[in-house]
Every structure is written in structure tokens, then in C-alpha cells.
Amino acid sequence: MVTDLAIIVYTSILLGTLSHETVGVQNPLLLVGVYTFLELAVLGFGLIFAALTFRLKSFNLLSNLTQFVVIGLCGLFFPVSILGPLRVVSMAIPFTYFADMFRYAGYGGATLLDPILEFPLTLASALVGLFILGLGYFKATEKRAKQKGQIGTH
């Protein structure tokens, strides 16, 4: 996490130097807080992904399906509001709220929900929805694979 934050600071300084523009963050404390919980969410998502890979035995198919769906629909590169009817699907992806909170903390952009509601929702999705669920699912899948003698095939 420290390395990632250092890269963000370095990139901001570099962009500011090269473009002669000021690169600022509206709410640095919120940005660091959201980023911290994003790390837990990504770890939990990775554990879910690893457990599914144990079961499906096909990393490439699972990776291709989830990568494009999650990145494409969570509003990472564009606001979710432009997705029209697919916005409903986007709202079900926890990473949508992280991207939204990053925009809000960075430059004060509009959020999908009221920030007072969206921030706790982001924290809950990170801790309960992804990290705790991912850890539990991975441990259960690993235990099942050990019992069936499948763990040696990975």
C-alpha cells in the first residue's frame, strides 16, 4: 500500500512538473481512507477468484470474463451515468463505489449516492462483502480440495 501511495504522489509531481499545472486532491484523507479499504476489497476479490479457480480449474476463462465485466462496468474510466440501462448492473458491483468515491475525494465530482451513505457502503462492501466473504469462501474451498485430494493438482 505504501508503494502504491508513493507512486500516486510521484505521478502527481511528475504530471505537475511536465504539464506546469497544479495537481491537487480535494480531500486527501478521504482518498487515503478509500484506498486503504480498496486494498482489502481487492484482496477479498482475489481470494474469491482463487477459490473459483480451485473449483473450475480454468484461470484464463474466469480471468477474461471477470476482468472485462468488472473493469468495464464499475465506472473506472468513465462515469457510470453514461451506461444507461447497464447502470443497474454497475450498481451491483462493489468496485463501482470505490471508483465513485475516488472521483469525489479527488476533485469533488458528483457521486452516485449521497457521500454520507456511499462511504459507509464502500467500507461495508470492502470488509464484509469482499474481504470476509472472500477469506471464508477460500478457506472452505481449500478445505474441501484437501479432503478430496485435489490440492496437489495446482
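Things worth noting here:
- Checked against the criterion of being assigned to a helix (DSSP H, G or I), among the aromatic types (Phe, Trp, Tyr) and more than 30 Å from GLY24 (Cα to Cα), the candidates PHE102, PHE95, PHE138 yield just one match: PHE138.
Quick grid of which residues meet (1) exposed (fewer than 14 other Cβ atoms within 10 Å of the Cβ); (2) without any contact (Cβ under 8 Å) to a residue 60 or more places away in the chain; (3) in contact with a helix residue (DSSP H, G or I) (Cβ under 7 Å, 6 or more places away or on another chain); (4) hydrophobic (A, V, I, L, M, F, W, C):
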| residue | (1), (2), (3), (4) |
| --- | --- |
| ASN60 | yes, yes, no, no |
| GLY72 | no, yes, no, no |
| PRO94 | no, yes, yes, no |
| PHE98 | no, no, yes, yes |
| LEU133 | no, no, yes, yes |
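- Residue under evaluation ALA110, criteria (1) over 15 Å from the mean Cα position of the chain (by Cα); (2) exposed (fewer than 15 other Cβ atoms within 10 Å of the Cβ); (3) not in a loop (DSSP other than H, G, I, E, B), criterion not met: (3)
- Check on GLY24, on the phi > 0 side of the Ramachandran plot and not β-branched (Val, Ile, Thr): no
- Residue in the range 126-147 that is of a type outside the set (Phe, Trp, Tyr), closer than 17 Å to VAL32 by Cα and under 19 Å from the mean Cα position of the chain (by Cα) present: yes
Residues checked against (1) in contact (Cβ under 8 Å) with a residue 24 or more places away in the chain; (2) in contact with a Pro (Cβ under 7 Å, 6 or more places away or on another chain); (3) more than 17 Å from VAL70 (Cα to Cα):
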{"position": "PRO115", "(1), (2), (3)": "no, no, yes"}
{"position": "LEU130", "(1), (2), (3)": "yes, yes, no"}
{"position": "GLU142", "(1), (2), (3)": "yes, no, yes"}
{"position": "GLN150", "(1), (2), (3)": "yes, no, yes"}
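- Verdict on LEU121 being surrounded by 14 or more Cβ atoms within 10 Å (Cβ to Cβ), of a type outside the set (S, T, N, Q), in a loop (DSSP other than H, G, I, E, B) and without any contact (Cβ under 8 Å) to a residue 40 or more places away in the chain: no
We did not get these values from a lab; they are worked out from the coordinates using the rules stated. Owing to the predicted nature of the structure, the values given are computational and were not obtained by experimental measurement. Don't worry about glycine lacking a Cβ; one is built from the backbone with ideal geometry, like all the others, and counts go over all protein chains shown.
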